[in-house]
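**Q** I'd like to ask some things about the structure below.
The values are calculated or read from the model by the stated rules, or taken from the named source; none is laboratory data. Computed from a predicted structure; not experimentally measured. Cβ: placed from backbone, ideal geometry, glycine included. Neighbour counts: every protein chain shown.
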Amino acid sequence: MKLAILGGGGFRTPFVYQALLGDIGPQRVTEVALLDSDRDKLDGIRRILDELAQGRTDAPRVVTTMDEREAIEDADFVFAAIRVGGIAGRRHDEHVALDLGVLGQETTGPGGLSYALRTIPVMRHYAEVIREYAPGAYLLNFTNPAGIITESLQPILGDRVLGICDTPSGLVRRAATLLGLEFDRLQPDYLGLNHLGWMRRLLYDGVDVLPALLADGERLESLEEGEVFGAEWIQALGAIPNEYLYYYYFNRDAVQNVLSSGLTRGDFLAQTQDEFFHGLATEAGSAVERWRAAVARRDASYMAEAKGGTQDAPARAPLSDLDPVMQGYAGVALDVMHAISRNERSTMILNVRNRGAIPGMPDDAVVEVPSLVDAGGTHPLATAAPNAHQLGLMLQLKDVERHVIRAATTGDRDEALLAFALHPLVDSVTTAERLLDGYIAAIPEVAAVFTERRAG
């Protein structure tokens, strides 16, 4: 089989290739085509993959290209992990908002809307190319904001596009480890939107083990989510929230922590990513070891503002080795590929069309729920009705998502303003107007959404 990776010059690509090297089953991937707009990054990632495959005669062949048709044509699966506007765009996502006293984060709040505005047109273009040159392919979308992007592609690819995020599965794995239970025997009751969800039950051989965990405050606070939210708040909710809900439940704290640190996540990644690729191109030594060290450093500072640290001084030490859980994106993606290509039926938490899975949400809305995956594709599993808080927040955010999709596909500035103004983390229409103006002024790819549509 052929796998195309859009954004193949990114840090996640070696995780995917490592997982492919470990696959010994039938219908394996024999060719990986990496597409990226940055030749230097492609060459650097290619070095890492070549080193990973050293001595392996059965390793998938790697092709690097800047030609989208060459990468996509005849692919069986396509992974998408692109960053329109690059790290510079991410920094603007953060700083335009922070300058107005509003959360700046690439997927949550106004920063996520800015990121979606400029990414949707590019991803819809790729979807058109896939429909023409690889009509039988499934698109597994990692590109953020994953839920918005996935929904924006449904009119083109239908159910052949699905969104992947490793945060929910990571929560389940951490809970399994903490409780000493086998991950594969756990059945999570999880529902929400991407980066906005709750685990309400956790069944192990049919028995809900979550109440016992919630009742044990000391054990609960040893869980990463317990570290972020505190046991008392999780116990009050009666469910474990996705860690990104920190930005909603502790919004003032999050904004203040980032402002106080003086260094945003985008600032940190801009510095460390440049250092990594420069060193990879100019210095001797193992490319794989250099990559592993860079990934460990990035992981140590992940959501640092929620964990009592800063980007340059994280609260936890870098990992000494790559934990399998860190490969979550790759693991979930390969499980999806195996379930579809080999009919190895499996249940995973994915971003898919609702189709009645969450009562009260539109059937055609992309939601994040456990889904059965087999040769017939993805099948979202029905869940118990959400409570009023959960449903209200999901409906409000889904309305915001749909405004930003319409803005990105039509160039309608009013739709964009509605998206910013109706977002629960933006407390004023005046601030929403300033945010939109700020992103248009700072990020050419955002400005192009409106100028190019008007010109057309």
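**Q** When only residues in region 129-171 that are of a type in the set (Ser, Thr, Tyr) and part of a helix (DSSP H, G or I) count, which is nearest to the chain's Cα centre (by Cα)?
**A** Thr167
**Q** Let me ask something else about it. Can you name the number of the only condition in (1) in contact with an Asp or Glu (Cβ under 9 Å, 6 or more places away or on another chain); (2) part of a loop (DSSP other than H, G, I, E, B) that Ser222 fails?
**A** (1)
**Q** Of the residues Thr177, Thr167, which is touching a residue at least 40 places away in the same chain (Cβ under 8 Å), among the hydroxyl-bearing types (Ser, Thr, Tyr) and out of contact with any Phe, Trp or Tyr (no Cβ under 6 Å at 6 or more places or on another chain)?
**A** Thr167
**Q** Continuing with this model, one more query. Yes or no: region 381-398 includes at least one residue that is charged (D, E, K, R), out of contact with any Gly (no Cβ under 8 Å at 6 or more places or on another chain) and surrounded by fewer than 19 Cβ atoms within 10 Å (Cβ to Cβ).
**A** No, region 381-398 contains no residue that is charged (D, E, K, R), out of contact with any Gly (no Cβ under 8 Å at 6 or more places or on another chain) and surrounded by fewer than 19 Cβ atoms within 10 Å (Cβ to Cβ).
**Q** I need every pair where a residue in region 188-213 that is part of a strand (DSSP E or B) has its Cβ under 8 Å from the Cβ of a residue that is among the basic types (Lys, Arg), sequence separation at least 6 or different chains.
**A** Close Cβ pairs satisfying both conditions: Pro188/Arg201; Asp189/Arg200; Asp189/Arg201; Tyr190/Arg200; Leu191/Arg200; Leu193/Lys398; Tyr204/Arg185; Asp208/Arg201.
**Q** Here's another thing I want to ask about it. Out of the residues in region 324-356 meeting the condition of being farther than 16 Å from Arg28 by Cα and without any contact (Cβ under 8 Å) to a residue 40 or more places away in the chain, tell me which one is surrounded by the most Cβ atoms within 10 Å (Cβ to Cβ).
**A** Looking at the filtered set, the residue picked out is Asn354.
**Q** Please give the helices (runs of 4 or more DSSP H) falling wholly within region 237-291 in which 1 or more residues are small (Gly, Ala, Ser) and under 30 Å from Ile48 (Cβ atoms).
**A** Passing ranges, in order: 265-282.
**Q** Take the conditions more than 28 Å from Ile149 (Cβ to Cβ), under 22 Å from the mean Cα position of the chain (by Cα) and surrounded by 19 or more Cβ atoms within 10 Å (Cβ to Cβ) and apply them to Leu245. Does it pass?
**A** Criteria not met by Leu245.
**Q** While we're looking at this one, here's another question. Restricting to region 1-58, give me the number of residues that are of a type in the set (Asp, Glu) and within 17 Å of Asp76 (Cα to Cα).
**A** 2
**Q** Now, a different point. Filter region 373-430 for residues that are in a loop (DSSP other than H, G, I, E, B), over 19 Å from Ala97 (Cβ atoms) and of a type outside the set (Asp, Glu) and give the result.
**A** Ala375, Gly376, Leu381, Ala382, Thr383, Ala384, Ala385, Pro386, Asn387, Gly411
**Q** Within region 134-192, count every residue that is out of contact with any strand residue (DSSP E or B) (no Cβ under 6 Å at 6 or more places or on another chain) and among the acidic types (Asp, Glu).
**A** So the count comes out to 3.
**Q** Restricting to region 187-224, count the residues that are at pLDDT 95 or above and within 30 Å of Asp363 (Cα to Cα).
**A** The total comes to 21.
**Q** While we're looking at this one, here's another question. For region 39-67, give me each residue that is under 26 Å from Tyr126 (Cα atoms), of a type in the set (Asp, Glu) and either free of Cβ contacts under 8 Å to residues at least 40 places away in the same chain or in contact with a strand residue (DSSP E or B) (Cβ under 6 Å, 6 or more places away or on another chain) (or both).
**A** Within region 39-67, just Asp67 meets the criteria.
**Q** Something else about it: Looking at region 416-430, which of its residues are crowded, with 18+ Cβ neighbours inside 10 Å and either touching a Phe, Trp or Tyr at 6+ places or on another chain (Cβ under 8 Å) or farther than 14 Å from Tyr115 by Cβ (or both)?
**A** The answer is Ala416, Leu417, Leu418, Ala421, Leu425, Val426.
**Q** In region 147-158, is there at least one residue being surrounded by fewer than 19 Cβ atoms within 10 Å (Cβ to Cβ), under 22 Å from Gly376 (Cα atoms), β-branched (Val, Ile, Thr) and modelled with pLDDT of 95 or more?
**A** Scanning region 147-158 turns up at least one residue that is surrounded by fewer than 19 Cβ atoms within 10 Å (Cβ to Cβ), under 22 Å from Gly376 (Cα atoms), β-branched (Val, Ile, Thr) and modelled with pLDDT of 95 or more.
**Q** Another one. Considering only region 175-204, state which residues are aliphatic (A, V, I, L, M), more than 20 Å from the chain's Cα centre (by Cα) and surrounded by fewer than 22 Cβ atoms within 10 Å (Cβ to Cβ).
**A** Across region 175-204, the qualifying residues are Ala176, Leu178, Leu179, Leu181, Leu186, Leu203.
**Q** Moving on. Among the numbered criteria (1) at pLDDT 95 or above; (2) surrounded by 16 or more Cβ atoms within 10 Å (Cβ to Cβ); (3) in a helix (DSSP H, G or I), which one does Arg453 miss?
**A** Only one criterion is unmet by Arg453, namely (1).
**Q** Could you figure out which of (1) more than 25 Å from Leu178 (Cβ to Cβ); (2) surrounded by fewer than 20 Cβ atoms within 10 Å (Cβ to Cβ) isn't true of Glu232?
**A** That leaves (1) as the condition not met.
**Q** Go through region 287-316 and count every residue that is over 22 Å from Asp253 (Cβ atoms), touching a helix residue (DSSP H, G or I) at 6+ places or on another chain (Cβ under 8 Å) and surrounded by 17 or more Cβ atoms within 10 Å (Cβ to Cβ).
**A** Residues that pass the stated criteria total 7.
**Q** Please tell me if Arg174 is in contact with an Asp or Glu (Cβ under 9 Å, 6 or more places away or on another chain), in a helix (DSSP H, G or I) and among the basic types (Lys, Arg).
**A** So Arg174 fits the description; yes.
**Q** Assess whether Glu225 counts as being in contact with a strand residue (DSSP E or B) (Cβ under 6 Å, 6 or more places away or on another chain), among the acidic types (Asp, Glu) and buried (at least 20 other Cβ atoms within 10 Å of the Cβ).
**A** Taking the combined requirement at face value, the residue satisfies it.
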